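Below is one structure, written out as structure tokens, with a few remarks after it.
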Amino acid sequence: MPQTVKVHHTGQFIEGMASWYGKKFHGRKTASGEKYNMHNFTAAHRNLPFGTLLEVTHLENNKKVIVQINDRGPYIKKRILDLSKAAAEAIDMIRKGCARIRAEIINSSNHEQSKM
């Protein structure tokens, strides 16, 4: 069962297309040096600092998930975020592969990831 996280909104948003990555990269080293685990709530962004927490909202269905930046990417020009498979499943974007999202940089009472 996911742990509840107290979220403190910063008002800093990014919006655009997100994709996800999974099994092909599972177990490989991320840009932060940790191993990618497709079952964790993580994401890749081109330049946000590692450890940054984002509350990601799938704009089509309003589902939300909290992820932590631990990798660099996406490498496809018009995408702004690559979500782990678990995060993508949590907001129902696996089937389509990409989704329009809004992500807010957040501060939390702890650094546990949780589905919202």
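What to note about this one:
- Relative packing of 84-94, 60-70, 31-41, which averages over residues the other C-beta atoms within 10 Å, highest first: 84-94, 60-70, 31-41
- Placing +1 on the Cβ of every Lys and Arg and -1 on the Cβ of every Asp and Glu, with no other charges, gives region 10-108 a dipole of roughly 480 debye about its Cα centre.
- Residue exposure proxy: 10, 30, ordered by other Cβ atoms within 10 angstrom of their Cβ from fewest to most, comes out as 10, 30.
- Per-residue ³J(HN,Hα) for region 81-88, Karplus 6.51 cos²θ - 1.76 cosθ + 1.60, θ = phi - 60°, Hz, x for Gly and Pro: 8, 10, 8, 5, 4, 4, 5, 5
- Taking the chain and dividing mean pair separation by its residue count, relative contact order in percent (alpha carbons under 8 Å, at least six apart): 42 percent
- Expected 222 nm ellipticity per residue - DSSP helices of 4 or more, -39500 (n - 2.57), all of the chain, to 500: -1000 deg cm²/dmol
- Net +/- balance of residues flanking residue 35 in space, Cβ distance below 12 Å, scoring K and R +1, D and E -1: 0
- Sequentially through region 65-76, phi angles give Karplus couplings (6.51, -1.76, 1.60; θ = phi - 60°) of 8, 9, 10, 10, 6, 9, 8, 9, x, x, 9, 8 Hz, Gly and Pro residues having no value and appearing as x.
Each value in this text was obtained by applying a stated rule to the coordinates, not by laboratory testing. Note that this is a predicted model, so its numbers are computed, not measured. So basically every Cβ, Gly included, is an ideal-geometry build from the backbone, and we count neighbours across all protein chains shown.
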